[in-house]
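Only one structure is covered here, and it is reproduced in the block below.
None of the figures in this text is laboratory data; all of them are computed from the coordinates on show. Values in this document were obtained by computation on a predicted structure and should not be read as measured data. Cβ sites come from the backbone with ideal geometry, for glycine too, and all protein chains shown count toward neighbours.
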Amino acid sequence: MAERNVESVNKVREAVSQDLLGGRIDLLLGWEKGHYWWQSRPLFARSEADLEKLAWDSFCAVNLSRYLLEELKDHDKVGVLVKGCDARAFNRLLQDNMVRREQVILYGLPCPGMLDYNRLVEKAGGAPLEITEENGRVIIKVGSGEQEAQRDDLLLDKCKDCRYPDPAVYDQLLFSPQGEKEVTERFKTVEELEEMSAEERFGYWEKELSRCLRCYACRQACPFCSCRECFVEQENPRWQGRAYQPSENFMFHLVRAYHGTGRCIDCGECERSCPVDIPLQELNRKLIKDINELYGDYEAGLDPEQEPPLLTYRPDDPAAFSEK
Amino acid sequence: MSAALNETAGGWEPLIVSFCCNWCSYAGGDLAGTSRMSYPVNVKVIRVPCSGRMNPMFVLRAFQRGADGVLVAGCHPGDCHYTSGNYQSRRRLSAFKRLVEFAGFEPERFEVRWISSSEGDKFAEEMTSITEKIKALGPNRKMRDARWQSVTSKV
Amino acid sequence: MKKVIAREKLPELWKSLAAKGPLFLPIQEGPVVLFQPWSEGAEANLDAVNTAVSAKDVFLPREETYLQYRCSGNQLELIPVENAEPVIAFGVHPCDLKAVEMLDKVYLDQEPSDELYRQRREKTTVVGLSCREPDPFCFCNEFGINPADAPGADVMAHLKNGLVLLEARTDKGKALLDQAGDLLQDGSDEKFEAAEVKTADFGLNLEGLPENLKERFEDPVWDELYKSCLGCGVCTYVCPTCYCFDVEDFGHEGEGQRFRCWDSCMYGHFTDMAGGHNPRAGRKERVRQRFMHKLQYYPETFNEIACVGCGRCLRSCPVNLDIVQAIKALGGETVEQR
């Protein structure tokens, strides 16, 4: 794995360095290593020295497309490394007219799914020292020896039910595509919640949302949250109070999720970013599931030409209420 | 709109907030009035230009501030004064209705109905029907801001 | 005074302590551990290295009512809020307690002191808990903190072989152990020395950093450092030494309340001014403010860096833009690279 990883990073570096050093792009959005081997953080590369830091491994979870909103203010042309979800996020921004296609060069990275450090610790039963990957298996080295696990069991929650690991849009695809994946459990939790009584469901959400700190990491990390002014900050009317009351928690989370109806690409960055692990993706997925049921299958970010379901209608649409 | 309205010493009366489209449902309410049909005083009507104007936050705010039920009423599909406002709101409010139910609200708490300006009788019926359903369900505590009830009565 | 209790008996102890007022403990709330008031059936977790949000929630609650008011005609009646109930914070790790001492400097040691904070602080009895095994994010050693001992605690607790050793160090602490009565056994023979705990070594060199930063407000390093910041408030909300708050009113029909709640310098509205000007226009200014506050402004006033190495920002920042990144970028790293 180590050599293979070096190989693939080199391949990525080679592809982007021509463009960056040759002046085709002014900035490359990629990843670099953090403090530890299991952390990869955003890299803003402008020089050869920056590119030395480039990383492409099993921990590049951060969705980079979101940074385009800011970086395109200062740069004419930006290159971005995109996994499946980053590419759908890009399409989403494109559809909202937040970016222009010709300002961006996308380097597509078919994604094997990113690993969750906490899962590694759980599996290894202690702090892992390093891992090696081979054919869908991961060997975790701990102080006392080695543990082997299926790679699929170590994925981040957000990657577990990823249907489209390949970028839906790119200028250059750097590795061979993985193909569409069959997912069976994407709506499992949503369905379980639907089975509950209204009372139980309310209790569930009241408890989960009670942890909310109102840090807005879910919003800031989200590629559909690109409004210049969010309802949270609106002063008049003042929709969102700052008190940590259940009613304010519901206000924020229902409206946040609802604003993503037909726009959420299900990348799960909201949930990954949440410091108190609120199951935010279940709210998003409920809306995806309902829209699919009511108005036909739609996968946000796959095809920018396809009209988002809440921006269009058919005269014979069904309704979730009685039309008599 | 005050929560004190629906919870008095004498017992509980539901508070229903009904957002009515200016062109159809609000006029339907007018017709109900001029035809001397009656509907429960529990319903407070708020006029909106079109059901397409409905921001779902209006509904949540109503629940925060003491509503026991919310009804949005608009023109029948095909009859929108602005051509497509109610087609849009049909999709949006369908998704939203399912979401609030998913959050734990009973389905009866939030409803949408199409009522035309000639349907004074339907207006009165729908208002009566939702009021009865909410009466049967009891007061809504979900999402109600606890501080709104009475800020200082807890002192 | 030294006492001892078997670990499995702790729920009994908590029940007895919680009878007098809120007892805050690290409690397992779904997937995370948070400082929360204990109630029967709550799942306390003393093995957690650090709670997801720091223990400051006990001393500076995320939301706190200042006053309540009622108007009738021309009369305005102000109803003061009192915090009379005694509070116990059980299981506060040395880093978190050190951070509370930093909050004390801000809220108590300056004139005028903060009355609500003082009331709360004075009626709170702190049971410190020594750390046994740090996680990879803990780096309190870098700030000279000993994970085995919290000097400011009223009672110091150690977990050892199925036992909890409790040592009262102040009158408040003695009163707390007295309150527990027969539930505790005499522990004068037990040895209270916790094993040495070594936390992560990020190779930081903090010597002279605050001084050095004094002239570096316009340093080009800020132009790069902020780039990955998403502009959320995770770091400030999980941080034990962040202490900023906002004041808001809530009221209707002539009655209401004024409360304060945590605020974050990472938000645009933190510095929004009437008239529309915002002196910290973007993420760069906000990131600079946060790190300068920790590393320069606070030390300039109080002679120590406002970080205790609890590692929460390292753990929770979605993009790993944490205080160690900042210190390193600002040159606070031992020259010899690993």
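Details
- A straight Cα-to-Cα reach below 13 Å connects residue A:123 with the aspartates and glutamates A:146, A:148, A:152, A:153, residues fewer than 8 places away in its own chain not being considered.
- Sequence of C:262, B:148 once ranked by neighbouring C-beta atoms within 10 Å, starting from the fewest: B:148, C:262
- Isolated cysteines in chain A, defined as those with no second cysteine Cβ under 4.7 Å, comprise A:60, A:111, A:159, A:162, A:212, A:215, A:227, A:230, A:264, A:274.
- Chain A - share of DSSP beta bridges that are antiparallel (%, nearest 5): 65 percent
- For chain B, modelled as a GNM whose springs connect Cα atoms under 10 angstrom apart, the maximal fluctuation among B:102, B:110, B:19 occurs at B:102.
- Pairs of lysines in segment C:2-186 whose Cα atoms sit within less than 20 Å of one another amount to 25, provided the residues are eight or more positions apart or on different chains.
- With a threshold of 25 Å on the Cα-Cα distance, the over-threshold entries among A:324/B:135; B:44/B:135; A:160/C:227; C:198/C:284; A:324/B:97 are A:160/C:227; C:198/C:284.
- For chain C, the antiparallel share of DSSP beta bridges with both residues in that region comes to about 80%.
- Summarising the strand pairing of the protein assembly as shown, around 65 percent of its internal DSSP beta bridges are antiparallel.
- Of C:146, C:212, C:45, the one that fluctuates the most in a GNM where chain C has Cα springs shorter than 10 Å: C:212
- Within a Gaussian network of chain C (alpha carbon springs, distance under 10 Å), most fluctuating of C:299, C:210, C:112: C:112
- Only Cα sites of segment C:232-309 enter the Debye sum here, all with the same form factor; the resulting log10 I(q)/I(0) across q = 0.23, 0.27 1/Å is -1.12, -1.28, listed in q order.
- Which of B:47, C:258, A:256 has the fewest Cβ neighbours within 10 Å, and the rest in rising order: B:47, C:258, A:256
- Dividing the mean sequence gap of close Cα pairs (under 8 Å, 6+ apart) by how many residues segment A:244-324 holds gives a relative contact order of 30 percent.
- When only alpha carbons are used to place a centre, segment B:93-113 and segment A:1-52 end up 47 Å from one another.
- Distance from segment C:306-333 to segment C:108-141 (C-alpha centre basis), Å: 20 Å
- CD proxy at 222 nm, helix term only [per DSSP H run n ≥ 4: -39500 (n - 2.57); per residue of the protein assembly as shown; nearest 500]: -9000 deg cm²/dmol
- 3J(HN,Hα) couplings calculated from phi for segment A:165-171 with the Karplus curve 6.51 cos²θ - 1.76 cosθ + 1.60 (θ = phi - 60°) are, in sequence order, x, 8, x, 7, 9, 6, 9 Hz; Gly and Pro show x.
- Reach of residue C:214 by Cα under 13 Å, taken over aspartates and glutamates that are not fewer than 8 positions away in the same chain: C:300
- Inter-site label distance for residue A:234 and residue A:181 at 7 Å from Cα along Cβ, in nm: 3.8 nm
- Furthest towards positive pole of dipole, A:302, A:112, A:249, structure part chain A, Cβ charges: A:249
- Each Lys and Arg contributes +1 and each Asp and Glu -1, all at the Cβ; summed about the Cα centre of segment A:1-146, the dipole is approximately 360 debye.
- Mean sequence separation of contacting Cα pairs (under 8 Å, at least six apart), scaled by the length of chain A, corresponds to a relative contact order of 15 percent.
- Arranged from fewest to most other beta-carbon atoms within 10 Å of their beta carbon, C:253, C:101 become C:253, C:101.
- Taking every C-alpha pair closer than 8 Å and separated by at least 6 residues, the mean separation divided by the residue count of segment B:12-149 gives a relative contact order of 38 percent.
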